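Have a look at the structure below, then the notes.
The values are calculated or read from the model by the stated rules, or taken from the named source; none is laboratory data. Keep in mind it's a predicted model, so treat the numbers as computed, not measured. Every residue, glycine among them, receives a Cβ derived from its backbone with ideal geometry; neighbour counts consider all protein chains shown. The area values use the complete protein model at the heavy-atom level, side chains included, leaving out ligands, DNA and RNA. Shrake-Rupley method; radii C 1.70, N 1.55, O 1.52, S 1.80 Å.
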Amino acid sequence: MSKTGAADSDFIFTTTGLTREKAARITEEALAGCDDGELFVEVSRSEALSWDDGRLKSASYDERAGFGLRAVAEERTGYAHSSEVSEAALKRAAETVQAVRSGHSGQMALPPRGTNRALYPDDDPTAALPFGEKVALLERIDAHARSLDDKVRQVSVSLSSSWQAVAIVRADGIIRTDFRPLTRLDVSIITEDGERRGNGFHGLGGRGHMTDYLDEEQWRQAVEEALRQSLVALDARPAPAGEMDVVLGPGWPGILLHEAVGHGLEGDFNRKGTSAFAGLMGQQVAAEGVTVIDDGSIEKRRGSLSIDDEGTPTEATVLIENGKLVGYMQDRLNARLMNMQPTGNGRRESYAHAPMPRMTNTFMQAGSHDPEEIIRSVKKGLYAVSFGGGQVDITSGNFVFTCTEAYLIEDGRITAPVKDATLIGNGKDALMRVRMVGNDLKLDTGIGTCGKAGQGVPVGVGQPTMRIDALTVGGTG
């Protein structure tokens with residue numbers, strides 16, 4: 001496993017040529033009279049390999065550095081960024097962001113609280129294995145998938161890794177740093193049986209070394225799971241339509257919670273009154289027994305960071321407790337304007353983007369019911385195991401999600417697989433319809449990416465098995 005050769009933040013400055021002293025001095029001058037702001041310096045590397053149709057389809061490598069300088073005055077934000085990390089470029093950026101003050105004379109907000117926690121070392125996963133070994137691994141995965149069943153027609157495998165080093169410089173001279181590795185392996189399999197075709201997908205990854213996710217047992221399990229889903233899809237019948245009780249499986253189905261509920265609990269939407277949850281703090285917004293948490297401090301999880309992109313340590317933030325709304329996910333700007341505390345949820349895609357409140361790892365806490373008990377409680381319904389795409393309206397909370405793997409529940413038993421099922425509802429309403437929460441909390445396998453305002457960031461989701469009564473199911477059967 002390769003090292004960056006750095007033991008602390010000096011690596012970021014020696015790599016870019018911008019000294020700590022100059023960065024701190026220019027940042028202090030640029031943010032004089034502002035309420036908040038920071039200089040965000042980034043060095044990153046990323047690599048992606050794609051194997052398709054029996055050969056290496058694409059391979060890419062990118063290495064970049066840059067900075068973003070932000071000045072905040074009341075609600076206004078001035079932001080300037082550059083891929084040239086130099087004293088001259090930073091001075092030009094400072095002239096730009098100072099315009100946001102426009103006569104305002106504020107007092108700089110207190111800095112984020114300090115922490116000695118570092119979830120990850122400075123190891124770079126893009127250099128963990130020689131390029132030839134990565135290609136050979138993808139070829140082995142392809143060969144293994146094709147050997148398992150003669151119905152396999154196409155195998156696609158992708159391997160991606162990235163490494164990010166950041167330094168956050170504040171006007172008071174405080175500098176916070178973080179190193180962030182990330183790895184992901186995806187396997188997609190298409191099977192055919194006559195005119196029937198099935199698709200299956202499984203991915204895994206997290207914020208660890210590449211070798212943490214690429215041992216033979218793990219990639220074989222990924223192949224076998226993708227193949228299982230593909231074969232199940234071959235026999236799927238058209239999904240019925242109508243209102244019915246729905247049981248969501250553990251793990252990845254938490255993406256529905258993330259999209260339909262999580263975004264509505266981010267601070268900016270609530271401060272502006274555009275969330276379906278705005279103004280409901282302390283009120284019952286879900287059924288009793290429903291507790292939702294966002295936690296960016298879980299080691300090696302895809303959505304976890306030692307500190308967020310403003311320098312605030314990540315933490316476990318309880319959003320809904322036993323059905324009552326008790327918290328929002330906050331960055332510094334919205335927390336200050338709402339007279340609340342930042343929660344370590346200020347995130348940005350890169351130095352070219354200003355931070356905003358974003359989820360990290362968002363999940364529902366386990367309940368007391370055995371999953372088999374939950375299935376037995378449903379006379380006629382749908383068991384949704386996995387989801388693909390979906391659409392959510394933050395203001396209303398209305399959502400539509402497509403199931404990629406689902407089954408009928410008949411007389412308390414899981415029976416036939418179905419295809420083309422969609423779940424239609426309202427996030428807040430769906431939470432109120434939760435009747436049973438399982439004791440089998442599971443986080444996803446490390447594949448989530450969340451989009452908001454044109455920015456994408458890695459996230460995690462999760463939940464236990466959960467029963468929701470009288471949800472609308474769209475189908476073709």
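Per-structure values
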read-out: Surface accessible to a 1.4 Å probe, Phe269 within the full protein complex, Å²; value: 50 Å²
read-out: 222 nm mean residue ellipticity, helices alone, for the chain (DSSP H n ≥ 4; -39,500 (n - 2.57); rounded to 500); value: -5500 deg cm²/dmol
read-out: Cα shape, segment 204-263, gyration tensor, a/c 1.5 rule; value: oblate
read-out: 10 Å binning of all Cα-Cα separations within the chain, expressed as whole percents from 0 upward; value: 4, 19, 26, 25, 17, 7, 2, 0
read-out: Base-10 log of normalised Debye intensity for segment 413-477 (one unit scatterer per alpha-carbon) at q = 0.18, 0.22, 0.26 Å⁻¹; value: -1.04, -1.21, -1.14
read-out: Degrees between helix 216-234 axis and first principal axis of the chain (Cα, 0 to 90, nearest 10); value: 50 degrees
read-out: Accessible area per residue, Å², segment 200-353 with all protein chains present, probe 1.4 Å; value: 33 Å²
read-out: Within straight-line cross-link reach of Lys91, aspartates and glutamates at Cα separation under 16 Å, skipping those fewer than 8 residues along the same chain; value: Glu21, Glu28, Glu29, Glu38
read-out: Cα-Cα pairs of segment 1-92 separated by more than 22 Å (percent); value: 44 percent
read-out: Relative contact order for the chain, counting Cα pairs under 8 Å that sit 6 or more residues apart, in percent; value: 16 percent
read-out: Ordering of 348-355, 216-223 by packing [mean C-beta count within 10 Å, highest first]; value: 348-355, 216-223
read-out: For segment 236-321: rounded, prolate or oblate by the Cα gyration tensor [a/c cutoff 1.5]; value: oblate
read-out: Carbon plus sulfur fraction of accessible area for the chain, probe 1.4 Å, in percent; value: 47 percent
read-out: Contour minus Cα-Cα distance for Ile414 and Asp149 (0.36 nm per residue); value: 92.9 nm
read-out: Equivalent ellipsoid, segment 154-262 (semi-axes from 5 times Cα gyration tensor eigenvalues, Å); value: 37, 22, 11
read-out: Gyration tensor verdict on segment 339-404 (Cα atoms; rounded if a/c is under 1.5, prolate if a/b is larger than b/c, oblate otherwise); value: prolate
read-out: Between 0 and 90°, nearest 10: helix 131-148 axis offset from the chain longest Cα axis; value: 10 degrees
read-out: Heavy-atom surface of segment 365-477, accessible at 1.4 Å and reported per residue (Å²); value: 42 Å²
read-out: Debye intensity ratio in log₁₀ form over the Cα atoms of segment 254-400, taken at each q of 0.12, 0.18 Å⁻¹; value: -0.53, -1.12
read-out: Long-range HN-HN contacts of Lys57 with modeled amide H, under 5 Å; value: Ser50, Trp51, Asp52
read-out: Mean Cβ count within 10 Å, highest first, over the residues of peptides 323-334, 203-214; value: 323-334, 203-214
read-out: Scattering curve values for segment 315-366, log₁₀ I(q)/I(0), Debye with Cα scatterers, q = 0.20 Å⁻¹; value: -0.73
read-out: When each of Lys379/Lys428; Lys272/Lys428; Lys151/Lys379; Lys134/Lys452; Lys324/Lys442; Lys134/Lys300 is checked by Cα-Cα distance, pairs over 30 Å; value: Lys151/Lys379; Lys134/Lys452
